[in-house]
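Let me begin by presenting the structure, written as structure tokens, before commenting on it.
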Amino acid sequence: MGFNLAETLRSLKPHRRQGTLVRRADDELPWVNDEPTIGGPLFLDATVYLDVLQGRSPAEVDRLLTYRLCHHSAVCLSELTHAFGRLDPKHTSTKTVLKTIQATLADIPEHRLHAPDVTIWGQAGILAGLLFRMSNLPKGEGHQRKFVNDALVFLQARQLGGSVLTGNIRDFDFLSQLVPTGRIVLYRTP
């Protein structure tokens with residue numbers, strides 16, 4: 001399957017988007033507290049793994065992770081395995097952290113780990129550029145690369161008919177404003 005730029009531009013209409021994105025009020029957003037225990041599939045953002053591993057995930061998130069079908073992105077796999085190259089092997093906690101990440105990755109069923117296809121990659125590039133332009137964030141602080149990862153996860157979840165479970169409220173609120181057919185479930189850490 002190839003990437004159709006013209007179709008993506010017709011769909012996302014980046015040339016028609018002007019102004020600045022503004023985060024919606026909390027009462028306009030879909031929160032984990034409002035989610036039924038039994039429901040559609042979830043696509044986990046990297047924030048979920050980190051919050052669970054650090055013991056910061058709210059009880060409502062843990063409940064959904066227990067009862068919902070969870071899908072995983074190769075994008076988050078990359079974000080997690082980054083630690084194996086990034087962390088200082090001489091640091092006292094590195095070995096323990098890497099063991100924990102390794103065990104987490106071993107628990108991901110192969111049939112629930114998804115890599116973005118060419119179309120998703122192409123769409124994510126445009127969406128991330130649009131998100132960066134309309135968020136008015138400063139250049140050179142890594143937002144552009146981070147937005148590509150967020151857009152990939154968001155579009156993968158949309159493609160699979162799932163909702164992104166994430167603690168990254170601002171970025172995924174912006175993504176869902178740009179592509180209202182994508183679904184998100186947000187949470188805050190205590």
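Bear in mind these aren't lab numbers, they're just calculated from the coordinates by the rules spelled out. Model, not experiment: these values are computed from the prediction. All Cβ positions, even for glycine, are placed from backbone atoms using ideal geometry, and neighbour counts span all protein chains on display.
Provide the FRET efficiency to the nearest 0.05 for the Arg145-Ala115 pair, computing r from the beta carbons and using R0 = 25 Å. E(calc), rounded to 0.05, equals 0.90.
If the segment from Thr94 to Gln159 were pulled out straight at 0.36 nm per residue, it would be longer than the present Cα-Cα gap by 19.8 nm. Residue separation of Arg63 and Trp31 scaled by 0.36 nm, minus their Cα-Cα distance, works out to 10.2 nm of gained length. The H on the amide N of Ile184, modeled in the peptide plane, is under 5 Å from the matching H of Val164, each at least 5 residues off or on a different chain. The calculated 222 nm mean residue ellipticity attributable to helices in the chain amounts to -16000 deg cm²/dmol, summing -39500 (n - 2.57) over DSSP H runs of n ≥ 4 and dividing by all residues.
How many percent of the alpha carbon pairs in the chain exceed a separation of 23 Å? Within the chain, distances greater than 23 Å cover 45 percent of Cα pairs. Taking 0.36 nm per residue of separation and subtracting the Cα-Cα distance, full extension of the segment from Phe84 to Ala106 would add 6.5 nm.
Please express the Cα-Cα pair-distance distribution P(r) of segment 8-80 as a list of whole percents, one per 10 Å bin, running from 0 to the bin with the greatest distance. With 10 Å bins starting at 0, P(r) equals 15, 33, 33, 18, 1.
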